[in-house]
Amino acid sequence: MFGEILYQVRSRKPHIHCITNYVTANDCANILLASGGSPIMADCPEESAEITALCDGLLLNTGTLNPEKLSAMRKSGRIANELHHPVVLDPVGAGASRFRTESIRLLLREIRFDVIRGNLTEIKALFCHETHSHGVDAVSSDSIAEENLSEMTNLIKAIASEQNTVIAVTGQIDIVADKNQAYCIRNGCSMMKKVTGSGCQLSALTTAFITANPEKILEATASAVCAMGVCGEIALEHLAPYEGNAGFRNRIIDAVYHLDSETFDKKANYQIF
Amino acid sequence: MFGEILYQVRSRKPHIHCITNYVTANDCANILLASGGSPIMADCPEESAEITALCDGLLLNTGTLNPEKLSAMRKSGRIANELHHPVVLDPVGAGASRFRTESIRLLLREIRFDVIRGNLTEIKALFCHETHSHGVDAVSSDSIAEENLSEMTNLIKAIASEQNTVIAVTGQIDIVADKNQAYCIRNGCSMMKKVTGSGCQLSALTTAFITANPEKILEATASAVCAMGVCGEIALEHLAPYEGNAGFRNRIIDAVYHLDSETFDKKANYQIF
Amino acid sequence: MFGEILYQVRSRKPHIHCITNYVTANDCANILLASGGSPIMADCPEESAEITALCDGLLLNTGTLNPEKLSAMRKSGRIANELHHPVVLDPVGAGASRFRTESIRLLLREIRFDVIRGNLTEIKALFCHETHSHGVDAVSSDSIAEENLSEMTNLIKAIASEQNTVIAVTGQIDIVADKNQAYCIRNGCSMMKKVTGSGCQLSALTTAFITANPEKILEATASAVCAMGVCGEIALEHLAPYEGNAGFRNRIIDAVYHLDSETFDKKANYQIF
């Protein structure tokens, strides 16, 4: 099932416009290419809407945000909505500063997002009226684990319902939900937290997956999250002696490059609630 | 012959000022270091002219362009021309937006470029009065192949003549031409399209090659294009099991690092028309 | 001794706010993660002070500087000083342009830095009233070597005393000094100069090391410089056939990821004067 979604990405080769941060842009571009998609990065307001119109899907990632980039995001988001292009929001650093949080809230008011993908800290900062954040990583006491899985699943479903979108929250266990259904995904490994921008890369991948499968956004999002986890596991298996987080970073992208639908379906580990 | 040109890069160690995009800047810097050159990235108009004056050659790459970067490019281009430093233009995304296309046209009016290196879509968008583009990759129906090679060679020569510069168009077959002569280069492999910024890296390499060989710009450009292709082939040979486009990206730069003149001359596969 | 300092980084996991250049930001983030620290990149004046306040230490790296980034640095530096967070300056490109040099001088006037880490060209441009620079790499005739080691050590100590800070100058031999004491470090290998941003990465590492060991800034800085050199040596040992500077870049970060205190203490090669 997830394998079929991957197959569509490989064959439809969606062009994805990414307005994203400079820290992880290169990895996002390479993981999009690995998936079969094609990345286009452009983030100045003078051209962003035109670039969006040329592409098939749009990713807005708020890392290293600034007022110019925000302005480009607003223009691109508007045109993507008009053209019915799938749009993903990765609210990097939500809650870490007033500017970041308010800018993201502005995007949420003006643009309809098909998927919002973040860590639990970011999602709670935006939708649960919490006030603290410790940068871009999820506060560990706020993580999704077996003991709070049912509670968290209900929370994410409630947010998805309120926002009328798909919410993907990644952590030890990942939850992808719309108002009706939630996927709980148990792929991945802890070393992925040691790669900068593994979340950014997942958001880029998600944009390609939903753009190539626009008729099933929830399932395509769960498939992207699951693919990232599966590729993390494969990367770990293939890690050579002395390789650390830099080698691992390359191996995740390489695993996406080689992932076939059959392996994907075999390794996918999720439940639907 | 091409080996001798590489040898000059290794021994003259040109300092290259790159005004380039943030997506591939790191790879451009590392491939310059691999070639024997030395990269300096600086893109604010407050200092770009001074940085250019300190260096030996200049690269203007229009990926993730914005008005500030454009202003820095104009200042740097002017001073490079005054100082007779070689200047390369990589018109990334030409045709993809009005702002991008018009900015590049402005650069073309104000600055004399020794080499313009792009894909066919970009070159046609600038010089053939075509209006469509699908981002930064060449439209496949517009690619250079055996069946249209002679026609394309004449087209590139004609543009080179009109623009009074060297034009390098990369694709399945690469063409590097001035008004009199064209190199058709058959090195490289299709996997290079799966590495973000392989074109950007080639443009950086080209700047180092022509800066170290200013008395033979056409041949040095053809040599850089050929070196990139040869290194793509070597990278593919050395690709280990499970390595994909991320590992391949590293192996291309590593191949440039190790390339010696003898191997280069042996693997170079080109014709002159 | 150095091993204990590394141990503190691994266990205290300092959050480091980096205002840095886009060329090497990804590598800086990954080397921070490899060390046990946690990177947060944010460089717009609208939020930089708040991000600094959330973190434990601050790095200001002046690569690809522009007026907006400078403004963010000034705000972040001020709040870091108020909160007594350790602050590191990497004056990339000092001396290469008036804008760069004057901006760095402004930072030096307004902000108290715990450590200033650069190459000899940059340090001399800032503190020895020299006027020439050839970009970001140290002029080779100005390098630290056995024959001028005693003279250079005294120079660095004098600058450290005048500036009331710790100065770390990296080259063939590295010198880390405050007004009273100097560490001369003989780890590392020449291939590190072939990796773009190895200096930037070291500055990021230094920020994590001093932030986790605020009671011994000099020793922690020397430890970071030594760790980078040791990891360069380990990376070189593990370099596989055909790997060049791109593979080497990954292996340095991977070596930081795996470095244990015992190996570190065994390989550390330094003298104290």
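Just counting partner chain Cβ atoms within 10 Å, what average do the residues of peptide B:238-244 show around their Cβ?
On the way: counts 4, 1, 5, 2, 10, 8, 14.
Taking all residues of B:238-244 together, the mean is 6.
Identify, among B:120, B:19, B:58, the residue whose Cα sits farthest towards the positive end of the charge dipole of segment B:19-135, taking +1 on the Cβ of Lys and Arg and -1 on the Cβ of Asp and Glu, with the dipole about the Cα centre. Result: B:120. Within segment A:1-48, the ratio Rg/Rh, alpha carbon atoms throughout and Rh by Kirkwood, equals 1.07. Shielding by partners for peptide C:82-94, expressed as the average number of C-beta atoms from other protein chains within 10 Å of each residue's C-beta, is 1. Averaged over peptide C:66-72, the number of partner chain Cβ atoms lying within 10 Å of each residue's Cβ comes to 3.
Sorted shortest first, the separations between the residue B:237 label point and its copies elsewhere in the assembly read 3.1, 3.1 nm; each point sits 7 Å from Cα along the Cα-to-Cβ line.
With its label point put 7 Å out from Cα toward Cβ, residue A:98 sits 3.7, 3.7 nm from the same residue's point in the other copies, in order from shortest.
Over every Cα atom in the protein assembly as shown, the radius of gyration and the widest Cα-Cα span, Dmax, amount to 25.3, 74 Å.
The rotation axis that maps chain B onto chain A passes nearest to the beta carbon of this chain B residue, listed with its distance in whole angstrom: B:22, 2. Placing one equal scatterer on every Cα of segment B:2-272 and applying the Debye formula, the log10 ratio I(q)/I(0) at q = 0.14 Å⁻¹ is -0.90. Dipole check for chain B: with +1 at the C-beta of Lys and Arg, -1 at the C-beta of Asp and Glu, and the Cα centre as origin, the magnitude is about 260 Debye.
Projecting 7 Å from Cα along the Cα-to-Cβ direction, the label point of residue A:82 sits 4.3, 4.3 nm from its equivalents in the other copies, listed shortest first.
Helical runs (DSSP H, four residues minimum) scored at -39500 (n - 2.57) apiece and divided by the length of the protein assembly as shown put the mean residue ellipticity at 222 nm at -16000 deg cm²/dmol.
Each value in this text was obtained by applying a stated rule to the coordinates, not by laboratory testing. Quantities reported herein were computed from a predicted structural model and do not represent experimental measurements. Quick reminder, even Gly has a Cβ in these numbers, built from the backbone with ideal geometry, and neighbours come from all protein chains shown.
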